[in-house]
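First up is the structure itself, then whatever we jot down about it.
The values are calculated or read from the model by the stated rules, or taken from the named source; none is laboratory data. Note that this is a predicted model, so its numbers are computed, not measured. Heads up, the Cβs are rebuilt from the backbone with ideal geometry, glycines too, and the neighbour counts pull from every protein chain shown.
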Amino acid sequence: MRIIPLPLDKISNILIRNMWIIEETNGININVKAFPTGYPYINVISGTSFTIKNINNNVLETSSYLSGNALTPFELNMSVIKRALTIQLQPYAIPYLTGIPANEFSELRVPIHCFSKYLSERLEELINSDLNSELVLQKVLTILNQYKNEALVDKRVYVALNNILSNRGHISINAINSKINLTQRRLQQLFKMYLGMSAKSYTRIVRMQSHTFKLLNGEKLDTIVPDGYFDQSHFIHDLKKQTSMSPLEFHKFITSSEHHAAYYVSNLFYGV
């Protein structure tokens, strides 16, 4: 397996958080649970289709899809014949790519052609082309940069997000409100519009992602449980909601030899 990331400048980062391609010369089958990350993203695969099973057991098969911000996990199966592209979008990117408020994509995985036939065709054409992956990433960036002039995000959303991410989710909603001089109701409206979920839900996801990163880098489960939670039961409640697993089940799942690489790659690009 080879991972090819694309370094991004500040201008590109208006809509894109990170972007990378996974190459597999001999082919590989990947069966994982996709957990909430706090970022919507686009996945595109060459030569085959993703099989996605949501928590309600609805099944979707597609070669390229957009995942909205999620609160619960879903099952993702794929056979990488040549390579797979992941575009980790900024938390607020969905309205600018689709023209639709983010809350309409919450908990959904949608084939890209449902909102943009042009984007679907171009991304699938590039991932299946004979171009090297570095050039594919540059061309994908050029396509997505067509949307960046539309990304006039409310500055208060920027400030709120920066506070949540810089504090790794360990910040109260009242503290966020005081920094941006908004009522709690207005803050929730903005988060629903741009991120598809409440600010409180988003902080919980960011906090859990921070802990996941620690687990993948070798920290023991019992050293992170108290960090940022009132007690162990609080941690277990949030973990089960986001992963449908107990702490021991989750730790065993993501650190197993079968799954560790997939989660380690995605968390390397989490970057909080």
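Key figures
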quantity	calculated
Only listed residue being of a type in the set (S, T, N, Q) and without any contact (Cβ under 8 Å) to a residue 12 or more places away in the chain, chosen from ASN43, ASN31, ASN26, ASN18	ASN26
Residue list for region 12-35, filter: outside any strand (DSSP E or B) and in contact with a Pro (Cβ under 7 Å, 6 or more places away or on another chain)	PHE35
Inter-residue pairs, beta-carbon under 7 Å, first under 28 Å from LEU221 (Cβ atoms) and without any contact (Cβ under 8 Å) to a residue 60 or more places away in the chain and in region 193-208, second part of a helix (DSSP H, G or I) and among the small types (Gly, Ala, Ser), 6+ apart	ALA199/ALA160
Close pairs (7 angstrom Cβ cut-off, 6 or more residues apart or separate chains): modelled with pLDDT of 90 or more in region 92-115, of a type in the set (Lys, Arg) anywhere	ASN103/LYS192
Of residues in region 121-161 being among the small types (Gly, Ala, Ser) and not in a helix (DSSP H, G or I), the one farthest from TRP20 (Cα to Cα)	ALA151
Exclusive hit being under 30 Å from SER256 (Cα atoms), in the same structural domain as MET245 (by TED's automatic domain parsing) and assigned to a loop (DSSP other than H, G, I, E, B), set GLY218, GLY196	GLY218
The one condition in (1) under 18 Å from the mean Cα position of the chain (by Cα); (2) surrounded by 15 or more Cβ atoms within 10 Å (Cβ to Cβ) that ASN177 fails to fulfil	(1)
Restricting region 38-51 to residues that are more than 14 Å from LEU123 (Cβ to Cβ) and within 15 Å of the chain's Cα centre (by Cα), the residue that is surrounded by the fewest Cβ atoms within 10 Å (Cβ to Cβ)	TYR39
Qualifying positions in region 95-119 - of a type in the set (Gly, Ala, Ser) and crowded, with 21+ Cβ neighbours inside 10 Å	ALA102
Qualifying residue in region 140-155 (condition: of a type outside the set (Lys, Arg) and closer than 16 Å to ALA199 by Cβ)	yes
Filter result for the condition that a residue is within 26 Å of PRO7 (Cβ to Cβ) and outside the structural domain of ILE16 (by TED's automatic domain parsing), over ASN162, ASN177	ASN162
Checklist (1) farther than 30 Å from ARG156 by Cβ; (2) surrounded by fewer than 18 Cβ atoms within 10 Å (Cβ to Cβ) applied to LEU8, failing item	(1)
So GLU125, is it in contact with a Ser or Thr (Cβ under 6 Å, 6 or more places away or on another chain), in the same structural domain as ASN18 (by TED's automatic domain parsing) and free of Cβ contacts under 8 Å to residues at least 40 places away in the same chain	no
Subset of region 162-189 that is part of a helix (DSSP H, G or I) and of a type in the set (A, V, I, L, M, F, W, C) - its residue that is farthest from ASP238 (Cα to Cα)	ILE180
